[in-house]
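Notes to accompany the following structure.
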Amino acid sequence: MAILRSLLFYPAFYVGSVGYILLGALLLALRQYAAFERVVRGWARYHRACAHYLLGIRLIVEGEMPTGPVLIAMKHESFYEAIDMPGFFDRPAVFAKAELMRIPVWGRIGQRYGLIAVRRDQGAAALRAMLAAARDYSAAGRPLVIFPEGTRIRHGQRGELQAGFAGLYKLLGLPVVPVAANSGLLYHRWWKRSGTVTFRIGETIPPGLPREEIEARVQDAINALNEPAA
């Protein structure tokens, strides 16, 4: 059944995504930015619907997301939460590796929507550009989303937080909302399994804490769903 579900999901989602990408590019060319953002949100919700109806993956959310500018630190186990973000958060701006911006058409759409390029080891100028973009989005009332472990982590494992996370926390001066996710059990595999993905929104962490404390609290909160695989 997992194989059949996956064979239905892949063409439905990826072929369907082409229409969203082309429509998004057209709306950007016409400078219809509000409609463009609705298309991006619609694409994320289309993915969730494909996962739900074709893969049998249901999403449940525990906790409530605070409103206003915050830095959301989210566990990253699969592409499920990465694709779902525009449909789940309110117009999020997302820290993402700069290589994604080079994907034809999709990269431009992502950058225009709110991807903030992370260029590791490219010096102070790249850091200043990243901070300027983050502050602009935050000033506009948009939440900032980061995967503080820097990459996908196998379910049940705790990755080390990237060194830059504590620096961003200090320089941006925003409260942090940790979000745990357990999608790796179902989605991070070629033949995806049916079941329930949980997003658990943790207690808001205030700005201004020492590095050791903010890192420890975020580590604990984003790994709160690390139950062993069945």
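Key figures
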item: Convex hull per residue volume in Å³, alpha carbons only, for the chain; result: 122
item: Other-chain or far-sequence residues with amide H under 5 Å of residue 59's (modelled H); result: 197
item: The chain - percent relative contact order, Cα under 8 Å, separation 6 or more; result: 27
item: Rg followed by Dmax, in Å, when segment 31-100 is reduced to its Cα trace; result: 13.3, 37
item: Isotropic mean projected area of the C-alpha convex hull, segment 1-138 (nm²); result: 9.7
item: Counting all C-alpha pairs of segment 100-161, share separated by more than 13 Å (%); result: 71
item: Long-range amide H partners of residue 145 with built H, under 5 Å; result: 72, 93, 94, 95
item: Accessible-area ranking of 160, 62, largest first, probe 1.4 Å; result: 160, 62
item: Gyration tensor verdict on segment 169-230 (Cα atoms; rounded if a/c is under 1.5, prolate if a/b is larger than b/c, oblate otherwise); result: prolate
item: Residues whose placed amide H lies under 5 Å from that of residue 118, excluding near-sequence neighbours; result: 96, 97, 98
item: Axial C-alpha extent at least 27 Å, average Kyte-Doolittle at least 0.5 - helices from the chain (DSSP); result: 2-29
item: Debye log10 I(q)/I(0) at q = 0.23 Å⁻¹ for segment 1-53, Cα point scatterers; result: -0.81
item: Whole-number D in µm² s⁻¹ for segment 111-223, Kirkwood Cα-pair radius fed into Stokes-Einstein, 4 °C, 1.567 mPa s; result: 83
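The values are calculated or read from the model by the stated rules, or taken from the named source; none is laboratory data. These numbers come from a predicted model, not from an experiment. The area values use the complete protein model at the heavy-atom level, side chains included, leaving out ligands, DNA and RNA. Shrake-Rupley method; radii C 1.70, N 1.55, O 1.52, S 1.80 Å.
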